[in-house]
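Report on the following structure.
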Amino acid sequence: MTGGGARAGDRLLWRRLLRQGRPYAPHVALLLLLGLAATPLTLLQPYPLKIAIDSVIGDHPLPRFLEALVPDLLAGSKEGRLALAVVLLVGTALLVRLQGLGTWLLTTWTSQRMVLDFRARLFRHAQRVSLAYHDTKGTTDSSYRILYDAPSIQHLAIDGALPFLSSAVAFACMLLAIALLSLEIAAVALAIAPLLFLATHVYGKRLRQRWRSVKKLESASLSVVQEALAAVRVVKAFGREEREESRFEEVSNRGIRENLAVARAESVFGIVIGLTTAVGTAAVLWIGVRRVGAQAMTVGDLLLVMAYLGHMYEPLKTMSKKLAGLQGSLASAERAFELLDEAKEVAERPDARPLLRARGDVRFEGVSFSYDGGRPALEEIAFEVPAGARVGIAGHTGAGKTTLVSLLMRFYDPTSGAVRLDGADLRDWRLRDLRNQFAIVLQEPVLFSASIAENIAYARPDARPEEIVAAARAANADEFIARLPEGYETPVGERGMKLSGGERQRISLARAFLKDAPVLVLDEPTSAVDPRTEEGIFAAMERLMAGRTTFIIAHRPGTLEGCDLRLELARGRLVESRARVAEEARP
């Protein structure tokens, strides 16, 4: 990217960050005011020492602004001036601590809320981007962006922009205070500022690219951990623990090397800043001592100048370090907004129609679909299913069976053609209403780390306990649930691993019963269970399919017996479509 393009990209990034943090503008403004309050307190801090040296030990009068505020009784005696210095020292210290406490409390609340809102927005969007995005990037990458890149808004707005603005004001005030004491010294002190910002510009560009690599490698490292732990049974079964450890160490070592490169660049940058400010301080000290020797200023004035100089260079160093240090946060913000820029899975039309409950008539009209614009996953699929019919879908792995039902539930939109429900294009229905028309039972049941009752009620969170029990009985699950020590409140563990495969499948069927949707999708629901368990699941499935339009994906021919329509897919094409001879209407 060219320099101009990079600057334009940074401006756009900052505008997006400002829009994201706009609800907290009053809190940020108050934080800025609290930060600015530190400047007058900092200006007051050296004065007790100046008063003690010049007006108590020496014979100089009090500074003019204090003489106007202090009673003559205090200003007229050395004891009074000493008491004034002590009170001013303690009072200033107390105000500094109160200002720090208020800043800390407000900073903590504001930053945590900003990060939570940004994370929630990222999580909400991550659930709505296309499944193809998650298939390509992996879920760990999105998790990293939500958990570790989202806090960049806090680092940039609260820990970066505010200290930078406060430091700029503090720098200006300190420079003005020094100029009032000596214009020559102020000019010398100011001379190093351009050198600092030049160094910041040079190192900032290098650091941003380094931080991008660090974030990418950290995400990859987390991905290795998540994959290995999610498949821990397979890893143990094949004795591949050392291989997974090697994968993790390899990616982590690359991350360490990138972090060391960042650390080296930041260390060199810190040395440059330190040397530059040291040269400026030495020059001021040289000139100041010579002016004291020439009686052009007092020792107290020199101490005041040196104290102000330290406070002036500190904001300069802060601004320079913030500009360089924020590169990591800017890289994280870029990654977070990249996720938000991903298109949602499907677009809902502004005039989409509501759908309370569908009849269940389904029609595919010349449907073709491609995941990446390359080879089609489905080509010219056309068939019609009346409400309440059962459709069996067969075909080898990769034939397009799962893609077909994914289009039916509008996880994707067809590349060409149309899928219709009750005569209307799926894109004409409100997406939430459309998805409510389907219940799905997968080959590998998906359970959440919660109780059995909560997993069944996932279909309808407002379901009453008796409705949950009725659904479990319909799915032949109530018997084994009743034998558990905690019954329906039994935790199922991560991904339901405390239950057997058949038990998990019956919980999944109970969830489908509770949803009571007019269209049912069964994706190899009995392929992973033993024959005895399969028999019980089949009995529950028969009850579940009654009166519903049902799509059954299966490899076993016996599973598809009794289907009204059988579809055979091969390489994305419909190679066979057979309708069963009409029978009496199903109950």
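The values are calculated or read from the model by the stated rules, or taken from the named source; none is laboratory data. All values reported here derive from a predicted model rather than from experimental measurement. Note: ideal-geometry Cβ built from the backbone for every residue, glycine included; neighbour counts use all protein chains shown.
Restricting to the range 391-411, count the residues that are touching a helix residue (DSSP H, G or I) at 6+ places or on another chain (Cβ under 6 Å) and either buried (at least 17 other Cβ atoms within 10 Å of the Cβ) or not assigned by TED's automatic domain parsing to the domain that holds Arg427 (or both). Reasoning before the result, please.
Narrowing the range 391-411 to residues touching a helix residue (DSSP H, G or I) at 6+ places or on another chain (Cβ under 6 Å): 392-393, 395, 410-411.
Checking the rest, the ones that are also either buried (at least 17 other Cβ atoms within 10 Å of the Cβ) or not assigned by TED's automatic domain parsing to the domain that holds Arg427 (or both) come to 392-393, 395, 410.
Total satisfying the criteria: 4.
Please find, among Arg243, Arg247, Arg264, Arg257, the residue that is buried (at least 18 other Cβ atoms within 10 Å of the Cβ) and part of a helix (DSSP H, G or I). Let's see the steps before the verdict.
Numbers: Arg243 fails: buried (at least 18 other Cβ atoms within 10 Å of the Cβ); Arg264 fails: buried (at least 18 other Cβ atoms within 10 Å of the Cβ); Arg257 fails: buried (at least 18 other Cβ atoms within 10 Å of the Cβ).
Matching residue, one of Arg243, Arg247, Arg264, Arg257: Arg247.
Could you grab me the full set of residues in the range 60-75 that are part of a loop (DSSP other than H, G, I, E, B) and modelled with pLDDT of 70 or more?
Residues satisfying the conditions are His60, Pro61, Leu62, Pro63, Leu69, Val70, Pro71.
Which of the following residues is within 17 Å of the chain's Cα centre (by Cα) and not hydroxyl-bearing (Ser, Thr, Tyr): Asp341, Asp372, Asp361, Asp351?
Details: Asp372 fails: within 17 Å of the chain's Cα centre (by Cα); Asp361 fails: within 17 Å of the chain's Cα centre (by Cα); Asp351 fails: within 17 Å of the chain's Cα centre (by Cα).
So the residue among Asp341, Asp372, Asp361, Asp351 that is within 17 Å of the chain's Cα centre (by Cα) and not hydroxyl-bearing (Ser, Thr, Tyr) is Asp341.
Within the range 89-106, can one find any residue that is closer than 16 Å to Gly21 by Cβ, at pLDDT 85 or above and surrounded by 15 or more Cβ atoms within 10 Å (Cβ to Cβ)?
First, the residues of the range 89-106 that are closer than 16 Å to Gly21 by Cβ: 106.
With at pLDDT 85 or above added as a condition, the list becomes 106.
Of the ones still in play, those that are also surrounded by 15 or more Cβ atoms within 10 Å (Cβ to Cβ) are 106.
Looking through the range 89-106, at least one residue is closer than 16 Å to Gly21 by Cβ, at pLDDT 85 or above and surrounded by 15 or more Cβ atoms within 10 Å (Cβ to Cβ).
Which residues, taken from the range 136-162, are free of Cβ contacts under 8 Å to residues at least 12 places away in the same chain and not β-branched (Val, Ile, Thr)?
Correct list: Lys137, Ala161.
If you scan the range 507-557, which residues turn out to be at pLDDT 80 or above and of a type in the set (Lys, Arg)?
Hits for the range 507-557 are Arg511, Lys515, Arg543, Arg548.
Specify the residue that is modelled with the highest pLDDT; the eligible residues are those in the range 229-265 that are under 26 Å from the mean Cα position of the chain (by Cα) and within 30 Å of Ala193 (Cβ to Cβ). Outline the logic, then answer.
The initial filter retains those residues of the range 229-265 that are under 26 Å from the mean Cα position of the chain (by Cα), namely 229-231, 247-263.
In the following step, the residues that additionally are within 30 Å of Ala193 (Cβ to Cβ) were identified as 261-263.
Numbers: Ala261: 80, Val262: 76, Ala263: 77.
Ranking the candidates gives Ala261 first.
Among the residues of the range 340-360, how many are closer than 22 Å to Ser130 by Cβ and not in a loop (DSSP other than H, G, I, E, B)?
So the first thing to find is which residues in the range 340-360 are closer than 22 Å to Ser130 by Cβ, and the list is 340-350, 352.
The next check asks that each one be not in a loop (DSSP other than H, G, I, E, B); those that pass are 340-341, 344.
So the answer is 3.
Out of the residues in the range 560-587 meeting the condition of being small (Gly, Ala, Ser) and modelled with pLDDT under 75, tell me which one is nearest to Gly398 (Cα to Cα). Even if it seems obvious, please write down each step before you answer.
Quick first cut of the range 560-587, residues small (Gly, Ala, Ser) only: 562, 570, 572, 577, 579, 582, 585.
Filter again for modelled with pLDDT under 75, leaving 582, 585.
Details: Ala582: 31, Ala585: 34 Å.
Step by step, filter the range 560-587, then rank; the result is Ala582.
For the range 107-121, which residues satisfy the criterion of being buried (at least 17 other Cβ atoms within 10 Å of the Cβ) and either of a type in the set (A, V, I, L, M) or not in a helix (DSSP H, G or I) (or both)?
To start, the set of residues in the range 107-121 that are buried (at least 17 other Cβ atoms within 10 Å of the Cβ) comprises 107, 110-111, 114-115, 118-119.
Within the range 107-121, Met114, Val115 qualify.
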